[in-house]
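The values are calculated or read from the model by the stated rules, or taken from the named source; none is laboratory data. Nothing here was measured: the structure is a model prediction, and the numbers come from that model. Every residue, glycine as well, gets a Cβ built from its backbone with ideal geometry; the counts of neighbours run over all protein chains shown.
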């Protein structure tokens with residue numbers, strides 16, 4: 001004879017009324033659940049919200065500090081470059097010879113005598129090597145710009161000191177007649193290159209379009225430059241040395257200014273540079 005399993009009645013006063021028991025349990029547990037939410041879950045949620053806000057504000061502060069530090073570093077680098085340029089000008093001021101200044105910031109190429117500009121030429125256009133901004137990124141620009149650059153070699157399409165050959169007058173009458181003649185100004189196209197120490201090459205080009213004769217002279221001038229650079233590279237490789245990478249700046253000025261700058265500057269030229 002088998003025994004029947006007795007059902008467990010959670011609420012005896014709701015005997016055999018399962019729906020009533022469930023409704024009663026729900027209404028009984030609902031206040032407990034609300035109290036738990038108010039006392040436990042809401043404070044935890046608020047705490048997590050505050051922590052997330054603190055993290056966000058911390059990230060914003062870090063990004064703001066990073067941006068301000070980058071801006072400060074850029075300003076410091078600019079001041080160091082300016083200081084290097086002014087120190088170079090001061091060093092050139094103590095020289096007795098004619099010196100040169102290239103200011104790309106103000107687009108000026110100046111012939112200096114005792115640090116005072118004797119002639120200022122407007123730079124219409126300029127280009128530079130892509131490697132120069134990398135020097136600025138490493139914060140070594142100021143040490144590269146100072147002391148002044150020293151000229152090592154130069155090439156040009158015109159002679160440094162032109163020579164005019166004239167027949168000597170036979171007597172005083174002929175000499176007086178020749179004295180009144182005007183000497184015509186040459187209109188040769190001007191292109192020249194100056195190679196300085198610390199791996200800097202400055203190329204000066206006239207702004208005007210060259211003539212056919214000027215183009216042929218420029219072609220010969222370019223060949224001479226390339227030949228000289230090739231010989232220098234081969235010599236360094238024979239000595240088991242890596243060839244020095246040349247940084248270059250190319251400026252465009254008028255033909256008259258280019259001619260005046262090339263013929264006024266000496267072979268012992270020193271130059272101040274401002275980028």
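Could you look through the range 189-210, keep only residues that are touching a strand residue (DSSP E or B) at 6+ places or on another chain (Cβ under 9 Å) and outside any strand (DSSP E or B), and pick out the one that is nearest to residue 244 (Cα to Cα)? Before you say what the answer is, go through the steps one by one.
Restricting attention to the range 189-210, the residues satisfying the condition of being touching a strand residue (DSSP E or B) at 6+ places or on another chain (Cβ under 9 Å) are 189-207, 210.
Then keep just the ones that are outside any strand (DSSP E or B); that gives 189-190, 197-199, 207, 210.
Numbers: 189: 31, 190: 28, 197: 11, 198: 9, 199: 7, 207: 30, 210: 32 Å.
Among those that are touching a strand residue (DSSP E or B) at 6+ places or on another chain (Cβ under 9 Å) and outside any strand (DSSP E or B), it is 199.
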Check your understanding: Of the conditions (1) at pLDDT 90 or above; (2) more than 19 Å from residue 152 (Cβ to Cβ); (3) assigned to a loop (DSSP other than H, G, I, E, B), residue 257 fails just one. Which one is it?
Key -> (3)
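Right, residue 200: surrounded by fewer than 17 Cβ atoms within 10 Å (Cβ to Cβ) and modelled with pLDDT of 90 or more or not? Outline the logic, then answer.
Working: surrounded by fewer than 17 Cβ atoms within 10 Å (Cβ to Cβ): no; modelled with pLDDT of 90 or more: yes.
Criteria not met by residue 200.
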Exercise for review: Could you tell me whether the range 136-156 includes any residue that is at pLDDT 90 or above, over 26 Å from the mean Cα position of the chain (by Cα) and either surrounded by 15 or more Cβ atoms within 10 Å (Cβ to Cβ) or over 28 Å from residue 225 (Cα atoms) (or both)?
Suggested key: yes
Exercise for review: Would you mind telling me which numbered condition in (1) touching a strand residue (DSSP E or B) at 6+ places or on another chain (Cβ under 8 Å); (2) without any contact (Cβ under 8 Å) to a residue 12 or more places away in the chain residue 264 fails?
Suggested key: (2)
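Every residue, every condition in (1) modelled with pLDDT of 90 or more; (2) surrounded by 12 or more Cβ atoms within 10 Å (Cβ to Cβ); (3) within 22 Å of the chain's Cα centre (by Cα), yes or no:
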{"position": "185", "(1), (2), (3)": "no, no, no"}
{"position": "214", "(1), (2), (3)": "no, yes, no"}
{"position": "223", "(1), (2), (3)": "yes, no, no"}
{"position": "236", "(1), (2), (3)": "no, yes, no"}
{"position": "251", "(1), (2), (3)": "yes, yes, yes"}
{"position": "271", "(1), (2), (3)": "yes, yes, yes"}
